[in-house]
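What follows is a single structure, written as structure tokens, with notes after it.
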Amino acid sequence: MSKQNQPNPDNRQNNVERLQEMIENTENKMHEAEISMEFASPEEQQRMKEKNARRQHSIAAMKDEIQDEMNARKNSGI
């Protein structure tokens, strides 16, 4: 007898907090990369700059998602 896979219920209660923590961690990594750039070769510096640009884009997307989650909380009473 095989077990049927059941999807987990959508629990959005901690999404805002989780996203805020992810933003903070990403910002810390960006700061660490900026410090490391002082000691890196020009090629490594360029890679770190590009990665930080991607991180900045991710932070903007996470902030948008936080706004969506806060609206969902307001509308659903979570």
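Each reported figure results from applying straightforward, stated rules to the coordinates on display, with no laboratory input. Not measured: the values here are computed from a predicted model. A quick note on method: Cβ atoms are made from the backbone with ideal geometry, for glycine too, and the neighbour counts reach across all protein chains shown.
Structure above, values below:
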read-out: Any hit, the stretch 43-54, residues being exposed (fewer than 14 other Cβ atoms within 10 Å of the Cβ), of a type outside the set (Val, Ile, Thr) and not in a helix (DSSP H, G or I); value: no
read-out: Residues of the stretch 55-78 that turn out to be assigned to a loop (DSSP other than H, G, I, E, B) and without any contact (Cβ under 8 Å) to a residue 40 or more places away in the chain, as a count; value: 1
read-out: Those residues of the stretch 38-66 which are among the hydrophobic types (A, V, I, L, M, F, W, C) and closer than 29 Å to Arg12 by Cα, in sequence order; value: Ala53, Ile59, Ala60, Ala61, Met62, Ile66
read-out: Residue in the stretch 15-42 that is farthest from Ala72 (Cα to Cα), counting only those that are in a helix (DSSP H, G or I) and acidic (Asp, Glu); value: Glu34
